[in-house]
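J.: Provided herewith is a single structure, encoded as structure tokens, for subsequent inquiry.
The values are calculated or read from the model by the stated rules, or taken from the named source; none is laboratory data. Since we're looking at a predicted model, the values are computed, not measured. Here Cβ is always computed from backbone atoms with ideal geometry, including for glycine, and neighbour counts include all displayed protein chains. The area values use the complete protein model at the heavy-atom level, side chains included, leaving out ligands, DNA and RNA. Shrake-Rupley method; radii C 1.70, N 1.55, O 1.52, S 1.80 Å.
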Amino acid sequence: MPKVGMEPLRRKALVDAALRVIGDHGSLAVTMSDIARQAGVSPALAHHYFGSKEQLLIETIRSLLRQLRHDTVAALKEARTPRERLSAVIRVSFHADQFAPDTIAAWLAFYAEAQRSEETRRFLVIYARRLRSNLLADLKALLPADAAERIAEGAAAMIDGLYIRQSLKSAPIGIEASIALTEDYLNALLAATSPSAQGKRNDHIERPKDK
């Protein structure tokens with residue numbers, strides 16, 4: 001097997017350390033020295049690999065997005081039907097790795113930073129578009145386009161909202177409960193909006209009698 005160079009390993013160690021330090025602080029108000037200490041390297045080496053704290057933080061959010069995309073692609077490959085694919089997207093969104101306290105704290109910190117940083121905001125927009133696109137692709141296979149778009153927006157908002165509530169340690173919601181709530185939302189709207197349901201409702205509409 002080919003040997004892995006030290007640079008990729010050290011870069012990953014610094015990204016992982018940044019995630020932990022951000023999680024501990026609950027914000028991006030951390031220093032390169034804090035991150036380097038957590039990674040067990042010198043601040044000079046951290047600067048050598050990333051140049052600045054800002055570049056390291058951008059790589060950290062890139063890493064979160066890459067992992068989420070990798071998990072989503074793998075889960076979708078295992079699904080056979082549009083409905084199974086929707087469930088796969090939901091379950092990946094609440095995967096245990098995503099629910100780690102450090103990861104939740106990092107996501108929230110990046111959302112706060114997006115109010116000031118255009119580059120951070122751009123990465124979060126990419127995440128939101130991917131989530132909506134993944135939901136919409138399979139909803140369109142089950143519903144008319146306008147209904148699919150409406151439900152995709154609602155499901156994405158529900159996923160994000162439930163995720164954010166994980167930061168409220170006074171009222172935590174577990175992984176399985178979050179998945180079940182989102183599935184219930186989808187099932188209710190799919191049942192109410194499907195073409196067959198629409199047809200049944202039309203059959204019950206009383207037609208005006210001929211005079």
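J.: Using a 1.4 Å probe over the heavy atoms of the protein chains, calculate the carbon and sulfur portion of the accessible area of the chain as a whole percent.
T.: After summing per-atom areas, the C and S share lands at 55 percent.
J.: What are the extents of the Cα atoms of the chain along their three principal axes, in Å, largest first?
T.: Answer, in whole Å and largest first: 90, 44, 31 Å.
J.: Accessible area per residue of the chain at 1.4 Å probe, in Å²?
T.: Heavy-atom SASA per residue in the chain reads 59 Å².
J.: What does the helix-only formula give at 222 nm for the chain: each DSSP H stretch with n ≥ 4 adding -39500 (n - 2.57), the total divided by the residues, and the result rounded to the nearest 500 deg cm²/dmol?
T.: Taken over the chain, the calculation gives -24500 deg cm²/dmol.
J.: Where in the chain are the helices, taken as whole DSSP H runs, whose Cα atoms extend 20 angstrom or more along the long axis and whose Kyte-Doolittle mean reaches at least -0.5?
T.: Membrane-span-like by this criterion, though nothing is claimed about a membrane: 6-25, 53-78, 118-139, 145-164, 175-193.
J.: I need the peptides 68-78, 98-108 ranked by packing, meaning the mean over residues of other C-beta atoms within 10 angstrom, with the highest value on top.
T.: Listed from highest to lowest mean packing, they are 98-108, 68-78.
J.: Next question. What does the charge count near residue 37 come to, summing +1 for each Lys or Arg and -1 for each Asp or Glu among other residues with Cβ under 12 Å from its Cβ?
T.: Local net charge: -1.
J.: What does the C-alpha gyration tensor say about the overall shape of region 1-61? Classify as rounded when a/c is under 1.5, otherwise prolate if a/b is larger than b/c, or oblate.
T.: Since a/c reaches 1.5 and a/b is larger than b/c, the shape of region 1-61 is classed as prolate.
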